[in-house]
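The values are calculated or read from the model by the stated rules, or taken from the named source; none is laboratory data. Computed from a prediction, not measured in an experiment: that's the story for all the values here. Positions of Cβ are backbone-derived with ideal geometry, glycine not excepted, and every protein chain shown enters the neighbour counts. Accessible surface is based on the protein model in full, side chains and every heavy atom, while ligands, DNA and RNA are left aside. Shrake-Rupley method; radii C 1.70, N 1.55, O 1.52, S 1.80 Å.
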Amino acid sequence: MIRLRPLVALSAAFVLASGGPIAAQQQPAPPPSTAPAPAQTNPLPTTTAPNPVADPDKSAAPAPQQSVAPPPAGQSAVGTPARPTLIEKAGEPGDVDEVTLPSKPAAILSGKTKWEEAVPNLKQAFARIEADLAKLGVAPAGRPLAVFTRTDDDGFEFEAMIPVAAAPNPAPAETDGLRFGTTPSGKALRFAHKGSYESIDSTYETLTAYLDAKDIVVQDRFVEEYATDLKDGTDDNLDVNIYALVK
């Protein structure tokens, strides 16, 4: 894979042009209602007797219990807010957004993998973080991220992160390699990838061409934020935010 290697030689800075929102089309007003006003509606005649006085010596029959079906796999229960991405507004494929990444407390696990084993090893790292957070009683508060700290022809080194509302205080002893820190922050360019992980190189090629054309200098690390669950390399419903951190 050639994903991050062409970005090492890029230099200089740029100004990103932004466009205005598309005006929403006005909908025509609905026709006036012909239904009679409540005061003009004829009430139905009462055909049942009033409720009898309850007998204090008799207990009311319990109402039958209704079973609640669990939500489908991968879907949050109704009323449970989804974990937010670092930038609230979603990106569109083909667009480049200039954003400012906030610094969020996060649980972090370092690892390394070969390119062909990237998806299963990243999934395993996120699962380990989730399990350790559950043991500590700390709830995740954001989407999983992978920070690529070093890449070569064979593979890459990374830091898997899951944002949390607040790190435990005092911080627990480092177990299983898990530690607490913060997510990358500051000025960044966001490139949205929608499609399989196997096809993500095309988005990185777009990123490389854009940075080269604009002579933009970026840091030697890149961030992938998985707005949808990372399942396998062929899942076409994958939604990834790629952040290039500007120097």
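Things to note:
- Listed by first and then second residue, the pairs linking a residue in region 106-128 that is at pLDDT 95 or above to a residue that is β-branched (Val, Ile, Thr) and part of a helix (DSSP H, G or I), with Cβ atoms under 6 Å apart and 6 or more places separating them unless they lie on different chains, are 107/129; 109/129.
- Only one entry in 165, 139 is touching a residue at least 60 places away in the same chain (Cβ under 8 Å) and small (Gly, Ala, Ser), namely 165.
- For region 131-172, taking the residues that are small (Gly, Ala, Ser) and part of a loop (DSSP other than H, G, I, E, B), the one that is farthest from residue 185 (Cα to Cα) is identified as 137.
- The set of residues in region 103-130 that are among the hydroxyl-bearing types (Ser, Thr, Tyr) and either assigned to a helix (DSSP H, G or I) or open to solvent by 60 Å² or more (accessible area, probe 1.4 Å) (or both) comprises 103, 110.
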